[in-house]
Amino acid sequence: MREDALTAIAQATDLAALKQARADHTGDRSPLALANREIGALPPQARQETGQRVGQARGAVSQALAQRQQVLEAEHEERSLVADTVDVTLPWDRQAPGARHPITTTSERLMDVFVAMGWEIAEGPVVEAEWLNFDALNLGADHPARTMQDTFWTEPAENAVVLRTHTSPVQARTMLTRTPPIYVVCPGRVFRTDPFDATHSPMFHQIEGLVVDEGISMAHLRGSLDHMLAALFGEGIRTRFRPSYFPFTEPSAEMDMVCFVCRGEEPAVETCRTCRGEGWIELGGCGVVNPRVLTACGIDSERYSGFAFGFGIDRMAMFRHDAADLRDMFEGDVRFSSAFGSEV
Ligand code: PHE
């Protein structure tokens, strides 16, 4: 009996098995309990002897139970500690965080500048009707200036569509659907059959600005652009207006800012590949909206006048971050965005 009990206790490998062994070998119906109960009926001599043996056996069994209980509880504790342990040295499934692209952040910064002045944001499609990309902007079919814009054409057809070569069709769309006063900026992608080099790309970004109101002049244009560039680059950034020509503005100008690589300074400017020795980087065109465009878009050109501009966002982003090569902007390498994009 005693041996049976001790063996069962030793073989219990977990707390549940030990509980069972305790019930089997010390419970009311266990052989030891039964033997204990029968002691009283024995003759006096046998009673003493048997009483001693049964008593010792019960003592040994309950001691074994207590010890085994302790061991199993310790094991249980250990196992749950191991299960809960975190090995901080193990490799884990890292989800590399993305990053905002510098063109996105620069574009948003630009929009903020204008929204703060009460302007609105307008958008248009990148696949655009030929009429809106050209004709509505006083660029008729045989206008020589059409060749200024190296266009990606779809199949030549009656109502052809093009990949928009500038954001100016959004001007036309805005004037056709709204009435003055109009104060809008339109950021977006544009396409031209340009080479892909340090300062050109067949896909780039422009931000168009359009104001149509009473008494608007070239001075308002200059003031708005100076404000925009000061907000982006700080006061004192060197810029210049060059006379230019666009069929949709009259007079027209091109705005340049000082080259962000050589800063236009001798002797670096001579060998600078970014500005090709010019000392200046072209930001884009601008001017007073040609009254013919206002009329074509259903606006009374006697009463209203306006100004417009279309600037390259990519170049401004490069300037902000001292990136010398435009191609880095379009490589899609997240490290480039991580380095520059999160700055607003
Ligand atoms: N759309 C012109 C270009 O991309 C820029 C421009 C916009 C010029 C608005 C004047 C007015 O070359």
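The values are calculated or read from the model by the stated rules, or taken from the named source; none is laboratory data. None of the values given here were measured: they were computed from a predicted structure. Neighbour counts run over all protein chains shown; Cβ positions are idealised from the backbone, glycine included. Please note that ligands, DNA and RNA were not included when accessible areas were found on the heavy atoms of the full protein model with its side chains. Shrake-Rupley method; radii C 1.70, N 1.55, O 1.52, S 1.80 Å.
Is it possible to state the helix-based mean residue ellipticity at 222 nm for the chain, with each DSSP H run of 4+ residues giving -39500 (n - 2.57), the sum divided by total residues, to the nearest 500 deg cm²/dmol? What is it?
Value at 222 nm, helices only: -12500 deg cm²/dmol.
Please compute the length gained on full extension between F241 and T7, using 0.36 nm multiplied by the number of residues separating them and subtracting their Cα-Cα distance.
74.1 nm
Listed highest first by mean packing, meaning other Cβ atoms within 10 Å per residue, what order do 279-292, 315-328 come in?
Ranked by mean Cβ neighbours within 10 Å, highest first: 279-292, 315-328.
Once whole DSSP H runs in the chain are found, which of them have Cα atoms spread over 20 Å or more along the helix axis and a mean Kyte-Doolittle score of at least -1.0?
44-84, 218-233
If you take the square roots of the eigenvalues of the alpha-carbon gyration tensor of the range 94-197 and sort them as a ≥ b ≥ c, do you get rounded (a/c under 1.5), prolate (a/b over b/c) or oblate? Please report the intermediate quantities before stating the final value.
Details: a/c = 2.40, a/b = 1.31, b/c = 1.84.
Oblate is the answer for the range 94-197, as a/c is 1.5 or above yet b/c matches or exceeds a/b.
Hey, can you rank 74-80, 199-205 by average C-beta count inside 10 Å, highest first? Please list the in-between numbers first.
Working: 74-80: 10.9, 199-205: 17.9.
Highest mean packing first, the order is 199-205, 74-80.
Could you work out how far apart the two model spin labels at E108 and A198 are, taking each label as a point 7 Å from the Cα in the direction of the beta carbon, and quote it in nm?
Using points 7 Å along Cα→Cβ, the separation is 3.1 nm.
Over the chain, average the accessible area per residue using a 1.4 Å probe and give it in Å², no decimals.
I get 55 Å² per residue for the chain.
For the range 257-344, what is the charge dipole size about the Cα centre, in debye to the nearest 20, if Lys and Arg each add +1 at the Cβ and Asp and Glu each add -1 at the Cβ? Kindly include the intermediate steps, with their values, before the conclusion.
On the way: 9 positive and 14 negative charges, 50 e Å.
Once rounded to the nearest 20, the dipole reads 240 debye.
Pop out the ³J(HN,Hα) list for the range 256-272 in order, Karplus 6.51 cos²θ - 1.76 cosθ + 1.60 with θ = phi - 60°, rounded to Hz; leave Gly and Pro as x.
For the range 256-272, the Karplus-derived couplings read 10, 10, 4, 4, 7, 9, 8, 6, x, 9, 5, x, 4, 4, 4, 9, 5 Hz, x marking Gly and Pro.
Starting with the highest mean, order 87-94, 170-177 by the number of other Cβ atoms within 10 Å, averaged over the residues of each peptide.
So the peptides 87-94, 170-177, ranked by packing, come out 170-177, 87-94.
Sort the range 239-344 into rounded, prolate or oblate with this rule: let a ≥ b ≥ c be the square roots of the eigenvalues of the Cα gyration tensor; rounded if a/c is under 1.5, and if a/c is not under 1.5, prolate when a/b is larger than b/c, oblate otherwise.
oblate
Considering only the other residues whose Cβ falls under 10 Å of the Cβ of F241, what net charge follows from Lys and Arg at +1 and Asp and Glu at -1?
Details: positive: R222, R240, R242; negative: E254, D256.
Value of the local net charge: +1.
Check which residues have an amide H placed less than 5 Å from V289's amide H, if you skip close sequence neighbours.
E250, G306, F307, A308
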